[in-house]
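These notes are about the structure you will find just below.
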């Protein structure tokens, strides 16, 4: 064997040996890591198995003093392992929240999270472990950041109100993720004192100033506050820059919407907000140069307890912008705005189809008088597009079944005439579907009354003589005003 062959053989053997050693080393590392994971999982399982019953009793408010002492003896790292699943769900039940707040305060976790939030570091020393040896914590920068973000999240879920000043300062943190978590925590806590600080940042971002928080995130946080904070919206609503006023009106609208969804028969009164804000809405914002502001304020006007709100909404029904008219006509969909019935009926001839659709639904919501206006418009209009739109909404809102039932029970007037037009000329498909799903008794009563009317119409079309009593009876049944019909 020559020298070259021997060198190649030696190199191949060394390469194979290195590959085998590298593979064995990787296998050893993998086995060691797996052993660590199994050991940690077993420890965590034993920890939760032992202390979860105590934790469950604490959340029900039935934990004994001995149980609290047992939890206090644990290192804070173990306490966080036990508590963290509750906060990871991001939704703590209201029944558990008070007990969880008390428990975290007794165990010192609230103070720990506040310390991390303020200093960005771990406490100098951790309480003694069960073996009695105190241990100093040294967190790496990335781990410190993650622990700080988790601490902010926990304070927000816990709704720890006294932490709001520290959370407001965290909005100026160099790291954008810390800012986002702090903003969500402030939105969850909803401390009134923090509202102006968030609103100030919203104004800065809207004016093009530097900020890591987006306009959308700031708006979402602000609308989560209750109406008690709405007085702070007066400055942005008076701002000379129209987009700032539009943002203020949008935040106020969302606050009012949420409160109206929560409280039945909700009315926005001066004591719920501020007399200055109510007067600003009624006098200035409803006539603002920005259509966005007028449209958003129209939705707020619908809930004002002030008697002038209906008149202001009636004015907005004739706004140049269709989406302002749309919001105004939607806002009038309440029986207390029945005095604006004529204006809503005028919107049935609006050039924009969405305004007409909203006007139809508003008339339905205004009760019998509104529905009567709707039927009279249906019978008298010469516009085929409006007529078709009226038929679609009558079918969609379930009025067809109501008309069938009333007609079968002998009710006259404009409702009877509208029913006969719907059944014989305009909407045979929708009418038949409603008739088929109606009660058999109602269906039979309807047919007994409707068939003589059909025979009467057929005889008129054929030019055959009609029975005068039958014709007189039909006129009495319909009772339709001749001036309206003309």
* So how much slack lies between residue 45 and residue 102, counting 0.36 nm per residue of separation and subtracting their Cα-Cα distance, in nm? -> 18.0 nm
* Between the alpha-carbon centers of the range 57-107 and the range 291-367, tell me the distance in whole angstrom. => 51 Å
* To do: Send over the semi-axes of the range 226-366's equivalent ellipsoid, whole angstrom and largest first, taken as the square roots of 5 times the C-alpha gyration tensor eigenvalues.
  => 24, 17, 12
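Every read-out reported here was derived from the displayed coordinates using simple, explicitly stated rules and does not represent laboratory data. What you see is a predicted model, and the numbers here were worked out from it, not measured in a lab.
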